[in-house]
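Below is one structure; the comments refer to it alone.
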Amino acid sequence: MSLDVYTGATPNGWKISIMIEELIDAGVELPPVNWHTVKLNGQQFTPEYMAINPNQKLPTIVHDGRPIMESCAILQYLGETFPTSLMPLDEGRWDVVQWLYWQAANIGPVFGNKLSYTRYINDATDEQKAHPLARFMAEALRLVAVLDAQLAEHDYICGEDYTVADIATWCWIRSYKWSKVDITTKPRVVDWVHRVRARPGVERGISFGVPKDEIDKFSKERRKQYQQNGGGIASNSSLRSDL
Ligand SMILES: N[C@@H](CCC(=O)N[C@@H](CS)C(=O)NCC(=O)O)C(=O)O
């Protein structure tokens, strides 16, 4: 029995480190976890890594020889393989699955693109960036409003239970200052950000790859390092089709 986790200090990467810590806190006996940091300065393109993640991104897991890519598929896989209230297996699973897909198809790409145009892309002029910035900002705010409405009735996205849908969505929303999407006009969303942040498993999960005193506020050096790496990844020349 083995569980290898290939991840890094990024929103999609922290989804998996949080999930592992939450499963431990829920009393699940996991196989020994082997952690591997994926260095996004090229390791994602190596043949060894592409053999387990053809999409060349982090995170990936390999459980008993079975590779799984895509952060939300990994959350679902872990949730179904090690059952807890994080991923219901009865009819209620559809509440969670639809919000997990919502995160994967909307929050991740929209907040990711907003962040890239705000902080990372350095091979476009301000004029060229203006339209996509306005577009992704408007869509990010619309998604925050959807989240706000969902939280009107209960403490977590799918009801009274905290689930993998919260883990997936929170990892992007918590960095709203970094992506410059103002969520503070939605106090319910802000409260939910704090509620999730207060969980011990989340505290341990988001410390993956980050010094303890930089979990909530990155140092200048770390910001610079993210900007440098992000700039490389976000530039058009990093998009290769010569697989
Ligand atoms: N939909 C994918 C997105 C993964 C993703 O974009 N990962 C980023 C880090 S957060 C990455 O590996 N970027 C490297 C690259 O684009 O070359 C998932 O949810 O796993």
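The single condition among (1) without any contact (Cβ under 8 Å) to a residue 60 or more places away in the chain; (2) surrounded by 14 or more Cβ atoms within 10 Å (Cβ to Cβ) that Trp172 does not meet is (1). The set of residues from the range 151-179 being closer than 11 Å to Pro11 by Cα and part of a loop (DSSP other than H, G, I, E, B) comprises Arg174, Ser175. Could you count how many residues in the range 119-138 are more than 18 Å from the chain's Cα centre (by Cα) and either in contact (Cβ under 8 Å) with a residue 12 or more places away in the chain or closer than 21 Å to Lys57 by Cβ (or both)? Residues flagged as more than 18 Å from the chain's Cα centre (by Cα) and either in contact (Cβ under 8 Å) with a residue 12 or more places away in the chain or closer than 21 Å to Lys57 by Cβ (or both) within the range 119-138 amount to 7. Restricting attention to the range 20-36, does a residue exist that is buried (at least 19 other Cβ atoms within 10 Å of the Cβ) and in contact with a strand residue (DSSP E or B) (Cβ under 9 Å, 6 or more places away or on another chain)? Yes. Each residue in the range 186-203 was checked for being closer than 18 Å to Leu23 by Cα and in a loop (DSSP other than H, G, I, E, B), and 2 pass. From the list Asp95, Asp4, the one residue that fits, being out of contact with any Gly (no Cβ under 8 Å at 6 or more places or on another chain) and among the acidic types (Asp, Glu), is Asp4. Just one of (1) in a helix (DSSP H, G or I); (2) modelled with pLDDT under 95 fails for Asp123. It is (1). Every condition in (1) in contact (Cβ under 8 Å) with a residue 40 or more places away in the chain; (2) under 25 Å from Ser237 (Cα atoms); (3) away from the ligand (no atom under 16 Å from the Cβ); (4) among the hydrophobic types (A, V, I, L, M, F, W, C) holds for Leu115 except the one numbered (3). For residues in the range 90-117 being closer than 20 Å to His154 by Cβ and among the aromatic types (Phe, Trp, Tyr), which is farthest from the chain's Cα centre (by Cα)? Once the filter is applied, the top-ranked residue is Trp94.
The values are calculated or read from the model by the stated rules, or taken from the named source; none is laboratory data. None of these values were measured; they are calculated from a predicted model. Methodologically, a virtual Cβ is constructed for each residue, glycine included, from the backbone with ideal geometry; neighbour enumeration extends over all protein chains shown.
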